[in-house]
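Every read-out reported here was derived from the displayed coordinates using simple, explicitly stated rules and does not represent laboratory data. The model shown is predicted, which means the values in this text are computed figures rather than measured ones. Note that each Cβ is placed from the backbone with ideal geometry, even for glycine, and that neighbours are counted across all protein chains shown.
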Amino acid sequence: MKRSYIYLITVIAVYAAFVIVFDFFPRSTFSELEKRELATFPKPTTKNVASGQFTKNVSQWFSDSEPYRDKFMSMSMIFGDNLKLRLFENPQSNIKFHAATDDAATANDMEMEMETGEIEGYDNKLTANANAKIANKGIIVMGEVPNVRALMAFFGGPNGGANYAKACNEYNRVFGHQAKIYCLVIPTAVEFYCPDAAKSATKPELPTIKNTHSKLNDSVIAVNAYTPLAKHANENIFLRTDHHWAPLGAYYVAQEFARVANVPFRDLSSYEEKVVHGYVGSMYGYSHDISVKNSPEDFYYHIPKDVTYTTTYLKYNIDQNYKVIGEKAPYSGQYFIKYPDGSGGAYCTFMGGDSKITHVHTSTANGRRLLIIKDSFGNAIPGYLFYSFEDIHIIDYRYFAKNLKKYVEDNKITDILLSAVISRAYGGGNDIIKYINQPEGTYNGLVKGSQPKATK
Amino acid sequence: MVFSDLFFLFVFIPAFALCYLLATYIDKKYLSDGLKQVNTCKNWTLVAYSLIFYAWGEPVYVFLMLFSVLVNFFVGRFIDSQQEQKKRKTALVIGLVCNIGIIAIFKYLGFLSQILIDMGVPITKPNIALPIGISFYTFQSISYLVDVYRKVSPAQRRFRDLLLYISMFPQLIAGPIVRYQTIASEINNRHVTAEDFAEGAFRFLIGLGKKVIIANQLSLVSTQFLQNEIGSLSTSGAWIGIAAFMFQIYFDFSGYSDMAIGMGHCMGFHFLENFDHPYCSASVTEFWRRWHMSLGSFFRDYVYIPMGGNRRHQMLNIIFVWALTGLWHGACWNFILWGLYFGLVLVIEKYVILPYIQPKCPKFLMHIYFLFIIFLSWVLFYFTDFTQIKTAYTALFGGAAVKVDFISKAAIFDHFWMWIAAILFSMPMRRWAANLTTRLTGSNKALEQNIFLIARIVTSVVILVLSVALLVGATNNPFLYTRF
């Protein structure tokens, strides 16, 4: 009897502590680990209560916004990490991914490819023999702390990208009389760093890129991102702990874009290098692998020194489902936002994120005005084009409430760059076609009228 | 709501516990005459929370369950009140038709319509969502009526108490299927000691650990192989994926049963065991005496024996009961095939393996034979699509383009200790550890009990902390058997 009481008092005390924390402590609103806003308490309606959706959402809210969410998740990742058998790990696998090694392909070969438009496959010699494992969401985690790299697998087949090419062709049909259309498909790190052992966990990205390019009309200009990235694969062109590329990767692709667009381009000596130390990106949250957290990296970016520019933002209000529900009045701001060392938001250095239209006016008076329609990969590109265009307009494909025809005409756009990371290019396209004829002031699929007015 | 949901663990349970304690106090202080135990407030509290628990996931179908209980209440009362056998039987048949009719409409009508459509009959397939737990509470209703008819237990005089039996939240949506006779007397007369409560709490936590720490982790492995592009499955991937599912479903379902039994214990209800280390069996016959025992005994007592059991056309009875067992799991051909597979194996075992081979065969070989048969059965259970079933079997037997791949190796080594834990805890480790402790401590009972106490406390706290950490950030966490 006495022992039962001792047991019950101990266990109930621990349980009660959890109840107090979960029920009475302030709830988390943002997960630094997952880099996302957490669920908010749902609003009850007759419909969602009757369908059971409301109660389901309450449970989801409770399970999504726990106090100390990130700490609990870190604890579970440590547990997951300790499940593996370390007996067969290769001590030689402590690869430094960005050490200065021989180029994976010769510069001449690469330049030839860029001239001809033919893209050759990349043979990974940098990390071919690295140890790897499959983490949460099929993410390939390779190397050892502190140089771990996490790779987002690609699952697309060789026929992908056709719809995206169709969208580019449609842009060319509508805007071709006044602007050149460029199609840029950005490969991801897995294409260049996937070890041979993990090849079966992902699919090659080059066939999708080639297929996309092959479906473009002659007047749409394909920008070959693959070859310059392959050429510089031994440099810091992809982030190890984030699903994005590094700004240096964007630099090399911007250089290629400037070449095909026939605009001036300055090398890195015209930029001031900045760094955010101790950066751990989104792959920690996605992979649930503690070794990613224990391998922080330096986030380098570059600010142009010899050009003046002003940045104007039109920021959208978005709801919890990331739908545009309103907009703020335009305001001027910094294009490059300095994040402190250790910040997990360093990739937001450029424009501070996605949910806005950005207009950069530069001192490059050459009559070329660029519109970029992009996803988050595209955020890193414009900063390298301030010497190339006098105006750069940046639109995220998810957040645009205007009529694109009018926008292009009003801003006298001369070049339109349609930039998409491979996973979006694979099945996307319709997401940008809709903007061409979209009525001005379309919020969450509805035309302005009953929508909230602009707020300060 | 599921037991491994943080909302259940930290909102529902504390709220219920407080109300239940208050109800116990009111029953004792104000309603009891000091001679007879009164459970009025406790039972109302349990009923109210059970209905909230069910309505949380099924706000409309809760009325279907209430209707079903109402029908069974009146039919049960009628059977109990009649002396004439013919009238009792007629009432029983009406009750059974109502119960089977409800499950037929809500679980099988879509399936039957599809069969007719496939045969060319021009009808429209009805779009009826499956009410959660319907297979479990319908079987409990049938158990109630049959037990009343057989005079094993008297009919409930209070609607509330029958509602409590059918809807009691610990076992409402995924069993075990509690026979009416098992808890009939405890509905109005139950007592909970500190030992009971401690045993119940420990059992609940063991179940939570089985589900969250083992089953959920192995589900990541099984999903990785079996849900993505089955066509590109390697041979090693097929073996590892099915093996992971084999452990996942055991720890998932037995974990749920442990939690249900534990919660029942905390309230003074003693549900029968539902699992007894089934993967330690040496034959499929033995397996089915250890796996989902409440379902097996239900079919044995309410279908197999009334059909004639082993007295007449036994082979036919076995095949029919197993087809029915398969169908109970889901309105899909793969489940029927899964049931028939077992029916066939059990017939072969009964007439060939058990009488002629088992006596001469070493036990470990019988065990390997059993594991192989059971392993293959989970393919039929996992995939609802026959093309996928064929692809999976082809891959298992070396027909895949890739025989051994990196992902398979990674799945073993990256979850190595989880595999070890799954294998170990499929065996009666607790019993072995207890026996070893008893042997080591000899006659020193105090030392033995102290070791047990410390082991229990450490195990409970570790499971609780780890489970909470793992549940935070877990997006999808349903129990597999809640879909049946």
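State the Kirkwood hydrodynamic radius of chain B in Å, one decimal place, computed from all pairs of distinct Cα atoms. If you can, show how the numbers build up before the last one.
On the way: mean 1/r = 0.0410 Å⁻¹.
Result for chain B, one decimal place: 24.4 Å.
For a quick check: sort B:L220, A:L371, A:L151, B:L344 by the number of other beta carbons within 10 angstrom, fewest at the front. It would help to have the intermediate numbers written out before the result.
Working: B:L220 19, A:L371 24, A:L151 29, B:L344 13.
So the residues, fewest neighbours to most, are B:L344, B:L220, A:L371, A:L151.
Taking each residue of B:236-248 in turn, how many C-beta atoms of other protein chains fall within 10 Å of its C-beta, and what is the average? Could the numbers behind the result be given before it?
Values: counts 0, 1, 0, 0, 0, 0, 0, 0, 0, 0, 0, 0, 0.
Mean shielding count: 0.
Using the scaling law 2.2 N^0.38 Å as the reference, what is the normalised Cα Rg of the protein assembly as shown? The partial results should precede the final answer.
On the way: Rg = 32.4 Å, N = 940, 2.2 N^0.38 = 29.7 Å.
Relative to the rule-of-thumb radius for its length, the protein assembly as shown sits at 1.09.
Among A:M75, B:M427, B:M119, what is the fewest-to-most ranking by other Cβ atoms within 10 Å?
On the way: A:M75 18, B:M427 12, B:M119 7.
Going from least to most buried by this count: B:M119, B:M427, A:M75.
Percent relative contact order of the stretch A:130-226, based on C-alpha pairs within less than 8 angstrom and at least six residues apart? Please report the intermediate quantities before stating the final value.
Values: 141 pairs, mean separation 34.5, N = 97.
That works out to 36 percent.
For chain A, I need the span (max minus min coordinate) of the C-alpha atoms along each principal axis, in Å, sorted largest to smallest.
Each principal axis gives a Cα extent; for chain A these are 88, 62, 42 Å.
Under a plain spin-label model, where a point goes 7 Å from the Cα along Cα-to-Cβ, how far apart in nm are B:T437 and B:A48?
Going by the 7 Å Cα→Cβ label model, 3.9 nm.
Within chain A, which cysteines find no other Cys whose Cβ is under 4.7 angstrom from their own?
Cysteines of chain A left without a disulfide-compatible partner: A:C194, A:C348.
List the lysines whose alpha-carbon lies under 20 Å from that of A:K47, not counting same-chain residues fewer than 8 positions away?
Result set, ordered by chain and number: A:K56.
Percent of alpha carbon pairs in the stretch A:2-67 separated by more than 14 Å?
On the way: 1461 of 2145 pairs.
Every Cα pair in the stretch A:2-67 considered, those over 14 Å come to 68 percent.
Using the structure shown, select from A:K43/A:K328; A:K328/A:K406; A:K210/B:K403; A:K180/A:K406; A:K180/A:K231; A:K180/A:K210 the pairs with a Cα to Cα distance greater than 23 angstrom. Intermediate values should be presented prior to the final figure.
On the way: A:K43/A:K328 25 Å; A:K328/A:K406 20 Å; A:K210/B:K403 30 Å; A:K180/A:K406 17 Å; A:K180/A:K231 27 Å; A:K180/A:K210 21 Å.
Long pairs (Cα-Cα over 23 Å): A:K43/A:K328; A:K210/B:K403; A:K180/A:K231.
Under 25 Å between alpha carbons, and skipping anything fewer than 8 positions from B:K29 in its own chain: which lysines qualify?
Excluding near neighbours in sequence, the set is B:K42.
May I ask you to derive the relative contact order of the stretch B:307-422, considering only C-alpha pairs under 8 Å and at least 6 residues apart, and to give it as an integer percent? The partial results should precede the final answer.
Numbers: 63 pairs, mean separation 22.8, N = 116.
Here the relative contact order equals 20 percent.
Once label points are set 7 Å from the Cα along Cα→Cβ at both A:K405 and B:T394, what is their separation, rounded to one decimal in nm?
5.1
Based on alpha-carbon centroids, what's the gap between the stretch A:150-220 and the stretch B:278-301 in Å, whole number please?
Using only Cα atoms to place each centre, the spacing works out to 54 Å.
Can you list the aspartates and glutamates whose alpha carbon sits under 13 Å from that of A:K133, skipping same-chain ones fewer than 8 residues off?
A:K133 reaches A:D81, A:E89, A:E144, A:D196, A:D289, B:D405, B:D414.
Can you give the average number of partner chain beta-carbon atoms within 10 Å of each beta-carbon in peptide A:43-56, as a whole number? Could the numbers behind the result be given before it?
Values: counts 0, 0, 0, 0, 0, 1, 1, 2, 2, 10, 1, 2, 8, 3.
Rounded to a whole number, the mean comes out at 2.
Based only on other Cβ atoms within 10 Å, what is the fewest-to-most ordering of B:C280, B:C98?
Numbers: B:C280 14, B:C98 17.
Arranged by neighbour count, lowest to highest, B:C280, B:C98 become B:C280, B:C98.
Using alpha-carbon pairs under 8 Å, 6+ residues apart, how would you state the relative contact order of chain B in percent? Could the numbers behind the result be given before it?
On the way: 601 pairs, mean separation 85.0, N = 484.
Relative contact order, chain B: 18 percent.
Can you give the charge dipole size of chain A about its Cα centre, rounded to the nearest 20 debye, using +1 on the beta carbon of Lys and Arg and -1 on the beta carbon of Asp and Glu? Spell out each step's value before the answer.
Numbers: 49 positive and 47 negative charges, 404 e Å.
Computed charge dipole of chain A: roughly 1940 debye.
Three principal axis extents, largest first, for the C-alpha atoms of the stretch B:71-184, in Å?
Result for the stretch B:71-184: principal-axis Cα extents of 48, 36, 18 Å.
May I ask which of B:K107/B:K211; A:K203/A:K338; A:K84/B:K107 have a Cα-Cα span longer than 31 Å here? Present the calculation step by step, with values, prior to reporting the outcome.
Values: B:K107/B:K211 26 Å; A:K203/A:K338 36 Å; A:K84/B:K107 42 Å.
Table pairs above 31 Å Cα-Cα are A:K203/A:K338; A:K84/B:K107.
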